1. List the residues whose amide H sits under 5 Å from the amide H of Leu15, counting only those 5 or more places along or on another chain, with H placed 1.01 Å from N in the peptide plane.
2. In the range 10-39, whose amide N lies under 12 Å from the spot 7 Å out along Cα-to-Cβ of Glu140? List them in ranges.
3. Could you tell me how far the Cα centroid of the range 174-236 sits from the Cα centroid of the range 137-154, in Å?
4. Among Leu129, Leu97, rank each residue by its count of other Cβ atoms within 10 Å, from fewest to most, as a rough exposure measure.
5. Work out Dmax and Rg for the range 167-239 from the C-alpha atoms and quote the Rg first, both in angstrom.
6. Once the convex hull of the alpha carbons of the chain is built, what does its volume come to per residue, in cubic angstrom?
7. Provide the FRET efficiency to the nearest 0.05 for the Arg180-Arg12 pair, computing r from the beta carbons and using R0 = 35 Å.
8. Pop a pseudo-label 7 angstrom from the Cα along the beta-carbon direction at both Met1 and Leu52 and give the gap in nm to one decimal.
Amino acid sequence: MTLDEFFQKHPRGALAFSGGVDSAYLLWAGLQAGAEVRPYFVKTPFQPRFELEDARRLCARLGVALTVIEYDILSDPAVAANPPDRCYHCKRRLFSLMKERAEADGLPLLLDGTNASDDGGDRPGMRALRELEVRSPLRECGLTKDRIRVLSRQAGLFTWDKPSYACLATRVPTGRAITREDLERVERGEEALASLGFVDFRLRLTAGGARLQVPEGQLPLALERRRDILSVLSADFSELTLDLTPRVPID
């Protein structure tokens, strides 16, 4: 099945939109197929500002309105406690909110950007999507991340080479309660590191501060800019370490 065939069968739907590579291409493809695909972005403390900015920028370019739903996910104790299955509770709540809003807007079908490269096993987040009957056209049509990047570039989407991004909650060790203050510290830190030239990295909280993970090619940059890193991060983190095991980006 192709995406065109999918949208011929399902011409109206609400898309869980993040502004990332996958959901951006899915939105473009749906619109190209003549379908009514409406993007919904649930804004929580887990999403950094740039994600919403990218989502708005892309929707503006495609000429489609973006629906933004504000929600304090930390008000859910099952999420804030940060158990091993946090992602299940989070996705279950956020997609339920999105589904309610979409159905109120007359769109009973909910779509997401899961692709054929994503592990379809019994991961907590995937389980929540199945329970809520969320459809994943990219996955159903066999489109891998690499292929989606190629097609996105051909379509002229600025997201084609955007690094994959996991929500800010993944920077907090499992079992450590998630606080708004910690999320804000991580967001400030990652914004500062991006301004120093780092790409596709992670700043993970530790018991005493934070640990920086960068791809192998950026390890020399981390050493070269050591003083700059300390300068921009020391106000928020009393202890900083560099992980000498390179981060392997996962698409």
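Each value in this text was obtained by applying a stated rule to the coordinates, not by laboratory testing. Just so it is clear, the model here is predicted, and its values are computed rather than measured. For neighbour counting, all protein chains shown are included, and Cβ atoms are generated from backbone atoms with ideal geometry for every residue, glycine included.
1. For Leu15, the qualifying residues are Arg38, Tyr40, Leu111.
2. Only 10-14 fall inside the zone, counting backbone N under 12 Å.
3. So the two Cα centres are separated by 31 Å.
4. So the residues, fewest neighbours to most, are Leu97, Leu129.
5. For the range 167-239, the Cα-based Rg and Dmax read 11.9, 34 Å.
6. With only Cα atoms used, the chain gives 126 Å³ per residue.
7. 0.45
8. 3.4
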